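Inspection log for the structure reproduced underneath, given as structure tokens.
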Amino acid sequence: MSRITGKKTAMITGGSRGIGLAIRERFDREGINIVAPTRKELDLLSVSSIDAYVSTLGQPIDILINNAGINNIQPLAEVDDNNIQAAMQINLLAPFRLARALAPTMKERGYGRIVNISSVWAIVTKTGRAPYSMAKAGLGGMTRALAVELAPYNILVNAVAPGYVDTELTRQNNTDDQIEGIKKLIPMGRLAAPEEIAEVVAFLATEKNSYITGQLIVVDGGFTCL
Ligand SMILES: NC(=O)c1ccc[n+]([C@@H]2O[C@H](COP(=O)([O-])OP(=O)(O)OC[C@H]3O[C@@H](n4cnc5c(N)ncnc54)[C@H](OP(=O)(O)O)[C@@H]3O)[C@@H](O)[C@H]2O)c1
């Protein structure tokens, strides 16, 4: 049981648009205080920016949503060092750094929820996705490792793996024609709305979830079943 009463506070990375914005809106309806730094305030590419941001937070964070992510598609032979380093830093190492920094206060308060936004490309993959798939698969390992270590403190750590969601990231990586083709690969015949991902995150991030930890919850309209 949580030792804290009253409103919980959530930190959401990448809350400016897409899935992150939908999570902000969903949490707002849930009555959760929201800390959603812009990239200017917290640049996940920079270790010093993360450390500086965390050290000046000045309030306990009960819920961490590691949502920000990048997916620069490059075939293996063309993957450059900058891309692989950025993919690992933003999608995997920054979530780890934030979780490591915020977990001690969650432990002290006897409550915490961490939700990492993964991807179906952590489970299956596609040409040009090596940096992204590597990072998102790593996030799965991190989710399980932290779940085991933090469970005794009532800190539950899970990951959500969206399939194709109708966001700028998806539109940037696929033409309209490609999106029509993708819909045919999804048993539900459509992309997800960001709000449908946010709903699952809201469950995992609140006290409604009291026993799920270390899991990857796939929200893909059946895409990975085929
Ligand atoms: N869209 C999909 O179909 C899909 C599917 C599976 C998984 N996902 C995952 O879901 C998450 C959100 O995706 P989305 O589609 O909503 O993405 P999006 O629309 O491209 O938004 C990405 C967010 O991440 C932030 N961000 C990027 N680089 C950053 C940096 N260096 N420092 C701080 N913030 C940074 C962006 O901030 P700015 O506004 O400053 O750019 C933006 O808020 C990602 O982890 C993605 O991998 C998405």
If you go through Ala68, Ala10, the only one that is within 22 Å of Leu146 (Cα to Cα) and assigned to a strand (DSSP E or B) is Ala10
On the basis of being within 30 Å of Asp80 (Cα to Cα) and within 14 Å of the ligand (Cβ to nearest atom), does Thr224 make the cut? yes
If you check Lys40 against the conditions, is it of a type in the set (Lys, Arg) and free of Cβ contacts under 8 Å to residues at least 40 places away in the same chain?
yes
Residues of segment 14-42 being near the ligand (Cβ under 7 Å from one of its atoms) and touching a Pro at 6+ places or on another chain (Cβ under 7 Å), in sequence order, are Gly18, Ile19
Taking first residues from segment 142-153 that are surrounded by fewer than 16 Cβ atoms within 10 Å (Cβ to Cβ) and second residues anywhere that are among the polar types (S, T, N, Q), the pairs with Cβ under 8 Å that are 6 or more apart or on different chains are Ala151/Thr213
For helices (runs of 4 or more DSSP H) lying entirely in segment 96-190, having 3 or more residues that are under 19 Å from the mean Cα position of the chain (by Cα) and more than 14 Å from the ligand (Cβ to nearest atom) picks out 130-150
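Yes/no per residue for (1) of a type in the set (Gly, Ala, Ser); (2) more than 8 Å from the ligand (Cβ to nearest atom); (3) within 18 Å of Arg129 (Cβ to Cβ); (4) at pLDDT below 95:
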position: Val47; (1), (2), (3), (4): no, yes, no, no
position: Ala52; (1), (2), (3), (4): yes, yes, no, no
position: Asp62; (1), (2), (3), (4): no, yes, no, no
position: Leu76; (1), (2), (3), (4): no, yes, yes, no
query = surrounded by 15 or more Cβ atoms within 10 Å (Cβ to Cβ), over 17 Å from the mean Cα position of the chain (by Cα) and hydroxyl-bearing (Ser, Thr, Tyr) - does that describe any residue in segment 7-23?
reply = no
Apart from one, (1) surrounded by 15 or more Cβ atoms within 10 Å (Cβ to Cβ); (2) more than 17 Å from Phe96 (Cα to Cα); (3) within 16 Å of the chain's Cα centre (by Cα) all hold for Thr38; the odd one out is (1)
Filtering segment 87-133 for residues that are touching a Lys or Arg at 6+ places or on another chain (Cβ under 8 Å) and among the hydroxyl-bearing types (Ser, Thr, Tyr) leaves a count of 3
Filtering segment 75-92 for residues that are in a helix (DSSP H, G or I) and either more than 13 Å from the chain's Cα centre (by Cα) or surrounded by fewer than 19 Cβ atoms within 10 Å (Cβ to Cβ) (or both) leaves a count of 12
Considering residues that are of a type in the set (A, V, I, L, M), part of a helix (DSSP H, G or I) and farther than 30 Å from Gly110 by Cα, the number found within segment 191-226 is 0
For segment 201-215 the number of residues that are away from the ligand (no atom under 12 Å from the Cβ), surrounded by 14 or more Cβ atoms within 10 Å (Cβ to Cβ) and touching a residue at least 24 places away in the same chain (Cβ under 8 Å) is 9
Those residues of segment 54-65 that are of a type in the set (Val, Ile, Thr) and outside any loop (DSSP other than H, G, I, E, B) come to a total of 3
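The values are calculated or read from the model by the stated rules, or taken from the named source; none is laboratory data. It should be emphasised that the depicted structure is a prediction, and the values quoted were computed from it without experimental measurement. When we count neighbours, we look across all protein chains shown, and the Cβ atoms used for this are built from the backbone with ideal geometry, even at glycine.
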